[in-house]
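Student: Once you've had a glance at the structure underneath, I'll fire off some questions.
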Amino acid sequence: MKEMRLKLAKTLALIMLVCVGGFVFLDWIKSQEVPSIDDRPFNELLAPQVAQRGAYLVQVGNCAACHTARGGLPFAGGKNIDTPFGTVVTSNITSDKLTGIGAWSAADFWQAMHHGRSKDGRLLYPAFPYTEYTRITRDDTDAMFAYLLSVQPVRQINRPHALQFPYNTQAALAVWRALFFSPEQYEPLKQQSDEWNRGAYLVKGLGHCQACHTARNMLGATQSKLGLSGGLIPMQNWYAPSLASPAEAGLQDWPMEEIMQLLKTGKTAHSSTLGPMAEVVFSSTQHLNPEDLRAMAHFLKELPRQVSEKVVRKFANSEGQQIGQSLYHNECAQCHGDHGEGLGDYPSLAGNRTVIMNSSVNLVRVILSGGFTPTTEGHPRPYGMPPFGHTLSDTEVAAIATYVRNAWGNKGEAVMPLNVQKSR
Amino acid sequence: MSPTASSSISRRLAWWLLFIGLYQATVLAAEPPNNMGQRMQACATCHGSEGRATNSGYFPRIAGKPAGYLYNQLINFRDGRRQNATMAYLLDHMSDQYLMEIANHFASLDLPYPPAQTTKAPSATLARGEQLVRHGDETRGVPACASCHGAAMTGVAPAMPGLLGLPRDYLLAQLGAWRVGMRRASSPDCMGEITRRLSPQDVVAVATWLSSQPVKRGLPAGSLPAQPAMECGSGFR
């Protein structure tokens, strides 16, 4: 009996080993499909206009958001990125030769951005969005690399990741990559305009919008086939709303000017960016040049519509609505108006998509944490929403959220105190 | 036109003007004002209306603190030298220019203080606290608080904070955080150095004495009478 069990275990182990080996091989095969381009002459990279273009691309790609720790030196890494599988620590991408990427070649950098492999061949974790950056052209990665070489070198040794087994193994990464990653290039659609194609290239590649605006599966992979249909951002407890659905953050029915205003300033008459999107506007999209801004807006406006169905399983009850209403009038009406109409710079809540969309995660987050829209050139002195997390209970926040989701013609599922507790 | 008709017209005109005036007033009342006080409503839930937190809780008063001090703290929260998730979240995506405007706004407020928070503290604790605040402790190499924070302890322009009118718990938490390196200032970090020289009992004595002092006028002094005892990375700039 015991012998049989041992034999079974051995067989299983062997099957596992063969499978993993197969996946590693598959991943290797896939990385051979797109041949690397030969290294460029180095002096070409050193031209100042190349680095200047690279600086712009690095800013739009928002590399600093992850590769600079709070209070740390620019691009020296060391920031913890929490994932459901453990903590990934970002790396030093300054020009330091020992601890940064100063000893890399442009081809090494391309290998990281396009294939998700480090200089030494090590597979990289997809917290680094090479699943999107893979679509960036070699010309652009070279420019980015040229800029990073011009960044002040910082000698700071990369801290190791703290991931759980088996996610901390290269074999697991190889399996993951075989399942979910293929290097690819952006192929422009001939039937679309240059502007649309430029927008698609920015959204799907450098902008890596999909990293948040698409739901991740159980193994943390974004699913391209879903389009930009929205997803909960792991660990952060913010919901990145669907860009395909006009009922969420879809821009299909917006005038072009307003889409550009939102990306450029973080605020329009009808919408505000808070939380992770405030960071994106602050560090990335406000710096887009006019052509790229228009291109991105164009592509987003023409995303195919996906109609999201209204889900209401739990209804608001009249007793709860009364409590919610009286809390609303004490705490919120001063700025958002007695009828949710919004006063001055403060947004209206009647018909507000963040208020009524199926996911109430962002509404609850905004009530709990408040926040400012980012300061930008076009909107330099934002008004703030107070955090109510420490003055209101879960029940009270749920009552206000349910009230605003069902007042003034709004319609949305009731928010439960448990939903609020989860967001704290 | 008869005099009666003319007075009837002027009476009607008066009613109309009154009506328009009232209508304007309601419209204006509905629209929140376009000023810094309104923009900073987000701060009021913790720091109190106009930044003059009551001293019954934990949160510090910010109204009337020197602008340089407030600006340095905003930067410290953003850069992780002070740890507070709410503060970091609120100001993460703000330009330095706006942070400076925020600092100037709260610094410009000259508002009355509530009565002192701590009452009936043991006299020995108060005596030790006052000793440290006014004279320091030479044996431990601790300079008098007053030598930098001003003889009236209401701070010194441009960036040295006043220490009065703050909750005792807040003072204890700050001195403790400095001692263990959770709160830092730009280097050289004098307060880190000084708090490490204090015993835990000294920390309690200083916080107790400071929180028991009434404040009549809380505005910072214009300058220090003598050269400060230590070289500091912030507080003087």
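A short reminder: the numbers here are calculations on the coordinates, not readings from a lab. None of the values given here were measured: they were computed from a predicted structure. No Cβ is skipped: glycine too gets one built from the backbone with ideal geometry, and neighbour counts run over all protein chains shown.
Student: Being within 13 Å of chain B (Cβ to nearest Cβ) and in a loop (DSSP other than H, G, I, E, B) is the filter; apply it to region A:349-375 and report the residue that is surrounded by the most Cβ atoms within 10 Å (Cβ to Cβ). Talk me through it step by step, then tell me what you get.
Tutor: Here is the first cut: in region A:349-375, the ones within 13 Å of chain B (Cβ to nearest Cβ) are A:365-375.
Add one more test, that the residue is in a loop (DSSP other than H, G, I, E, B), and what stays is A:370, A:373-375.
Working: A:G370: 21, A:T373: 25, A:P374: 28, A:T375: 25.
Going through the qualifying residues, I end up with A:P374.
Student: Does region B:200-232 hold any residues that are more than 19 Å from B:A177 (Cβ to Cβ), within 16 Å of the chain's Cα centre (by Cα) and assigned to a helix (DSSP H, G or I), and which are they?
Tutor: Scanning region B:200-232 gives no hits.
Student: From A:A295, A:A316, grab the single residue that is within 27 Å of A:L418 (Cβ to Cβ) and buried (at least 18 other Cβ atoms within 10 Å of the Cβ). Spell out the reasoning first.
Tutor: Values: A:A295 fails: within 27 Å of A:L418 (Cβ to Cβ).
Going through A:A295, A:A316 in turn, just one is within 27 Å of A:L418 (Cβ to Cβ) and buried (at least 18 other Cβ atoms within 10 Å of the Cβ): A:A316.
Student: While we're here: Where residues in region B:72-86 are among the aliphatic types (A, V, I, L, M) and surrounded by 15 or more Cβ atoms within 10 Å (Cβ to Cβ), which of them is nearest to the chain's Cα centre (by Cα)?
Tutor: B:L74
Student: Of all residues in region A:376-413 being among the acidic types (D, E) and within 14 Å of another protein chain (Cβ to nearest Cβ), which is farthest from A:P290 (Cα to Cα)?
Tutor: Looking only at region A:376-413, we keep the residues that are among the acidic types (D, E), and these are A:377, A:394, A:396, A:413.
Checking the rest, the ones that are also within 14 Å of another protein chain (Cβ to nearest Cβ) come to A:377, A:396.
Values: A:E377: 14, A:E396: 44 Å.
Across region A:376-413, the extreme among qualifying residues is A:E396.
Student: Testing B:D169 on (1) under 18 Å from B:N72 (Cβ atoms); (2) more than 14 Å from chain A (Cβ to nearest Cβ); (3) among the charged types (D, E, K, R), one condition comes back false. Which one is that?
Tutor: For B:D169, the failing item is (1).
Student: While we're here: It is to be established whether one or more residues within region A:121-139 are out of contact with any Gly (no Cβ under 9 Å at 6 or more places or on another chain), over 20 Å from A:A69 (Cβ atoms) and buried (at least 16 other Cβ atoms within 10 Å of the Cβ).
Tutor: yes
Student: Please enumerate the residues belonging to region B:31-42 that are in a helix (DSSP H, G or I) and more than 7 Å from every other protein chain (Cβ to nearest Cβ).
Tutor: Start the filter on region B:31-42 by keeping residues that are in a helix (DSSP H, G or I), which leaves B:36-39, B:41-42.
Within region B:31-42, B:M36, B:G37 meet the criteria.
Student: Evaluate the following for B:A185: is it crowded, with 16+ Cβ neighbours inside 10 Å and in contact with a Ser or Thr (Cβ under 6 Å, 6 or more places away or on another chain)? Break it down stepwise before answering.
Tutor: Working: crowded, with 16+ Cβ neighbours inside 10 Å: yes; in contact with a Ser or Thr (Cβ under 6 Å, 6 or more places away or on another chain): yes.
Spelling it out, B:A185 is indeed crowded, with 16+ Cβ neighbours inside 10 Å and in contact with a Ser or Thr (Cβ under 6 Å, 6 or more places away or on another chain).
Student: In region B:76-96, what residues are assigned to a helix (DSSP H, G or I), free of Cβ contacts under 8 Å to residues at least 40 places away in the same chain and facing chain A (nearest Cβ under 7 Å)?
Tutor: B:D79, B:Y89
Student: Could you say whether any residue in region A:361-368 is under 28 Å from A:G199 (Cα atoms) and among the basic types (K, R)? Show your work before the answer.
Tutor: Within region A:361-368, the subset under 28 Å from A:G199 (Cα atoms) is A:362.
Applying the additional criterion that residues be among the basic types (K, R) yields none.
Taking every residue of region A:361-368 in turn, none turns out to be under 28 Å from A:G199 (Cα atoms) and among the basic types (K, R).
Student: Being surrounded by fewer than 22 Cβ atoms within 10 Å (Cβ to Cβ) and in a helix (DSSP H, G or I) is true for just one of A:A200, A:A172. Which residue is that? It would help to see each step written out before you state the result.
Tutor: On the way: A:A200 fails: surrounded by fewer than 22 Cβ atoms within 10 Å (Cβ to Cβ).
Result of the check over A:A200, A:A172: A:A172.
Student: In region A:376-407, how many residues are in a loop (DSSP other than H, G, I, E, B) and surrounded by 23 or more Cβ atoms within 10 Å (Cβ to Cβ)?
Tutor: At the first step, the residues of region A:376-407 found to be in a loop (DSSP other than H, G, I, E, B) are A:377-378, A:380-383, A:386-393, A:407.
Adding the requirement that they be surrounded by 23 or more Cβ atoms within 10 Å (Cβ to Cβ) leaves A:382.
Matching residues across region A:376-407 total 1.
Student: Quick one: which residue in A:Y167, A:Y186, A:Y147 is over 24 Å from A:D96 (Cα atoms) and surrounded by 18 or more Cβ atoms within 10 Å (Cβ to Cβ)? First the steps, then the outcome.
Tutor: Values: A:Y186 fails: surrounded by 18 or more Cβ atoms within 10 Å (Cβ to Cβ); A:Y147 fails: over 24 Å from A:D96 (Cα atoms).
Going through A:Y167, A:Y186, A:Y147 in turn, the sole match is A:Y167.
Student: Output the number of the condition that B:G57 fails; it satisfies all remaining conditions of (1) within 7 Å of chain A (Cβ to nearest Cβ); (2) not in a helix (DSSP H, G or I).
Tutor: The failed condition is (1).
Student: Hey, another quick one. Would you please list the contacts, defined by Cβ atoms under 9 Å and residues six or more apart or on different chains, that run from a residue in region B:221-237 that is touching a residue at least 12 places away in the same chain (Cβ under 8 Å) to a residue that is β-branched (V, I, T)?
Tutor: B:A221/B:T154; B:A221/B:V156; B:G222/B:V156; B:S223/B:V156; B:L224/B:V156; B:M230/B:I194; B:G235/B:V156; B:F236/B:V156
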